[in-house]
Amino acid sequence: MNRHFLNFITLNALVGSLFLFSCSGEKAAEQKESQKSAQESTVTDKPQEVKVVEKKAVTPLPVPDTSPVNFIEQKIFHPNGDTFNLYLPEGFIIRPVAWGMKRIRFMDLSPDGRLFLTDMYNLEDNTKGKIYILDGWNDSSMTFTKKTVFAEQLRNPNSLAFYKDSKGKYWLYVAFTDKLVRYPYTEGMEKPEAAPEVLDTYPDYGLSYRYGGWHLTRTIQFGDNDKLYVSIGSSCNTCIEKEEVRASIIEMDPDGKNRRIYARGVRNAVGLAWAKGNLYASNMAADHLGKGKPDDAMFLIEDGNNYGWPYCYHWQGKVYDDPKYDTTKTKISAESVPGAFSYFGAHTAPLGLAWFGEEKADDTSLKNYFLVAQHGSYNPSMAMGYSVQRVRANTPPEDFIKGFLDEKGKIHGRPCGIYALGNNKFYLTDDKFGTVYLVFKETE
């Protein structure tokens, strides 16, 4: 492999659910009734209303090359002893570069070029989460040689992001189940040097996954408008929420001021991405209409829109009224809900989302596409997801990496977070086996 390319990787490294029925470590059975009582307190018959706002013009995305991908098989020798095949577009390579962690999720590069990532520990609501720093890139082994625990005993840390404020001060933002905080950040720090500042708080109770699908994760994304966006999932599989912040995306200033609900009706928007001045989100649909619908989907998120949940669902590019609800008594119906940017099929469980514009990729199989991490169906026999797919407007997605679920039904990983590095490269997390992969385009 070209030595200059490896050096470029070094530069980048140093400078730069789904409704889970079969989770391990679930809450004890005797907690079921108290959880149910808490859940019932969050629902009401009061319908959500659509906020009317003046729409800004949407900048159209560049049209990507639509040529089909020629897949090449790659043998993966995982450090945990597993050997399996993955399939990527011709010319792309995937390598495990860090492993031995638990339920690692989302990432960001610090201002001094180190990779920070969250670890939720397992599927339970717990306070065993951590934030790791990966550093010390080694060209010859193509691995990180240093792994530092930045913070621990955290409640379900899912998403983090660095931001430089108007005074030139850096902050590390972290989203927990119950709150959004930020730590003051200085170059080279390995532990927080001050207590975090709490910017916002969120509902932190509900039924566990087995009993109704309470969503523990919060995802954050900065826009190029210097606003911070936070997604908060629903308290249930399908219900009418009492707390309006549930199943929404909120907008605020970087210091937490001017907080408002930006969009509603997104049941569980775990993946957020900013592209050409607009916010996009992947979304997990409800699980009560069978194995084939509704579709998980991706939306262009516009200010004031309601994307339907729980009154409507998306399927095969169209919007339908959910038969469980009488939409004649609401202002939300299939006629008023925007269509999806792309639709993924049922139970694919889309998580991480990243935009690969021209500044991030020049390879035609990747440039001007989104990539979405399809975490995969809770039941592997459904064989949905377990892949990374490329996405463009108004079409179903196409595979970009496949093979994390093999033909025998064995799981070799569950894609979660995607972090675009530029020059046709990105990091990918697998939250089942605690692995970070580097995906890159091989050079001559």
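Here are a few things to note about the model shown:
- Rounded if a/c under 1.5, otherwise prolate or oblate - segment 215-267, Cα gyration tensor axes: prolate
- Each 5 Å bin, from zero up to the one with the longest distance, holds this percent of the alpha carbon pairs of segment 168-248: 3, 13, 21, 20, 16, 12, 8, 5, 2, 0.
- Full extension of the chain between T328 and Y87 gives 82.0 nm of extra length, using 0.36 nm per residue less the Cα-Cα distance.
- Pairs exceeding a 29 Å alpha-carbon distance, out of K257/K432; K367/K402; K146/K167; K167/K191; K146/K257: K257/K432; K146/K167; K146/K257.
- Distance (nanometres) between label positions extended 7 Å along Cα→Cβ at N80 and K276: 3.9
- Distance from segment 414-444 to segment 82-161 (C-alpha centre basis), Å: 10
- Average accessible area per residue (Å²) across segment 128-234 - probe 1.4 Å, nucleic acids and ligands excluded: 39
- Label point of K318 set 7 angstrom out along Cα-Cβ; within segment 371-414, amide nitrogens under 20 Å from it belong to 394-397.
- For K179 and T364, the FRET efficiency from 1/(1 + (r/R0)^6), where r spans their Cβ atoms and R0 equals 35 Å, is about 0.25.
- Per-pair calculated FRET efficiency, R0 = 22 Å: D165 and A194 via Cβ, rounded to 0.05: 0.90
- Between R260 and E187, full extension at 0.36 nm per residue minus the direct alpha carbon distance yields a gain of 23.1 nm.
- Here the gap between S141 and I72, fully extended at 0.36 nm per residue and compared with their Cα-Cα distance, gives a gain of 22.6 nm.
- Kirkwood Rh, Cα atoms: Rg over Rh of the chain: 0.94
- Each of K291 and D65 was given a label point 7 Å from its Cα along the Cα-to-Cβ line. The distance between the two points is 3.8 nm.
- Pair E398, N379: separation of 7 Å Cα→Cβ label points (nm): 3.2
The values are calculated or read from the model by the stated rules, or taken from the named source; none is laboratory data. Just so we're clear, the structure is a prediction, and the values are computed from it rather than from any experiment. Note that each Cβ is placed from the backbone with ideal geometry, even for glycine, and that neighbours are counted across all protein chains shown. These accessible areas exclude ligands, DNA and RNA; they are computed on the full protein's heavy atoms, side chains included. Shrake-Rupley method; radii C 1.70, N 1.55, O 1.52, S 1.80 Å.
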